[in-house]
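Enquirer: Got a structure for you, written out below as structure tokens; questions coming shortly.
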Amino acid sequence: MSTDSVWAEGRASACPIISKEDARKRIPPVRNRKHPIHLPPGEKHNRAIIIYVTAGTAKRRKILASPRVHAAIVGAWLEACKWLVGRYVVMPDHVHFFCAPDGVDIPSFERWMQYWKTTVTKSIGASKGEVWQRDHWDRQLRSSESYASKWEYVRRNPVRHGLCEHPVQWPYQGELNILQW
């Protein structure tokens with residue numbers, strides 16, 4: 001039996017079915033993932049890189065939607081300025097935001113995420129592991145339409161959760177930088 005047929009059809013007792021491309025990248029099958037994968041941002045034909053991110057609190061604690069924590073998050077993003085944060089919404093137990101690299105000599109996305117989360121944790125007087133989940137969800141956007149539709153989804157999040165009647169009423173949102181295509 002050839003290697004190709006094993007990958008194409010799989011065997012119940014041998015290995016799960018995964019694509020050849022995922023096998024080359026060493027990405028585990030979706031059903032076996034315990035944490036999200038974080039691929040490095042890809043630059044394509046001199047197009048802008050905009051990443052949509054969701055970062056949750058540890059144990060989904062509802063601790064983020066307060067003026068003090070909101071100010072700490074915004075302050076950390078402004079301090080960690082190698083990645084620019086565009087539009088964002090801070091919910092009680094998670095934050096959604098869009099970001100883009102600022103220049104060419106930048107830290108990795110993962111390192112930047114770790115940095116600002118640590119800065120927020122320290123600035124509100126919490127201990128490591130009390131505020132943020134270790135992982136986060138990120139997705140590189142592919143077009144301006146995707147940015148617009150994702151933003152519409154994000155800005156309506158407080159309404160869907162019953163926190164306000166209209167998106168403009170939610171006080172923990174904003175735009176720090178204009179991210180353009």
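Enquirer: At a 1.4 Å probe radius, which order do Leu64, Leu78, Leu176 fall into by accessible area, largest first?
Expert: Leu78, Leu176, Leu64
Enquirer: Using only Cα atoms, figure out Rg for the stretch 49-112 and give it as a multiple of 2.2 N^0.38 Å.
Expert: Compactness ratio reported: 1.14.
Enquirer: Round to the nearest 10 and report in Å² the accessible area of Arg139, as given by a 1.4 Å probe over the protein chains' heavy atoms.
Expert: Spelled out: Arg139, probe radius 1.4 Å, area about 90 Å².
Enquirer: Let me ask another. Does the stretch 44-181 come out rounded, prolate or oblate, given a ≥ b ≥ c as the square roots of the eigenvalues of its C-alpha gyration tensor, rounded meaning a/c under 1.5 and, failing that, prolate meaning a/b above b/c?
Expert: Here the stretch 44-181 falls in the oblate category.
Enquirer: Here's another thing I want to ask about it. Sort His136, His161 by heavy-atom solvent-accessible area, probe 1.4 angstrom, most to least.
Expert: Result of the area sort, largest leading: His161, His136.
Enquirer: Leaving out ligands, DNA and RNA, what percent of the accessible area of the stretch 113-181 is carbon and sulfur, probe 1.4 Å?
Expert: Answer for the stretch 113-181 is 49 percent, counting heavy atoms of protein chains only.
Enquirer: Then there's this: Cα centroid distance between the stretch 125-181 and the stretch 77-119, in Å?
Expert: Distance between centres, Cα-based: 12 Å.
The values are calculated or read from the model by the stated rules, or taken from the named source; none is laboratory data. Not measured: the values here are computed from a predicted model. Ligands, DNA and RNA are stripped out before the accessible areas are found, and what is left, the full protein with its side chains, is counted by its heavy atoms. Shrake-Rupley method; radii C 1.70, N 1.55, O 1.52, S 1.80 Å.
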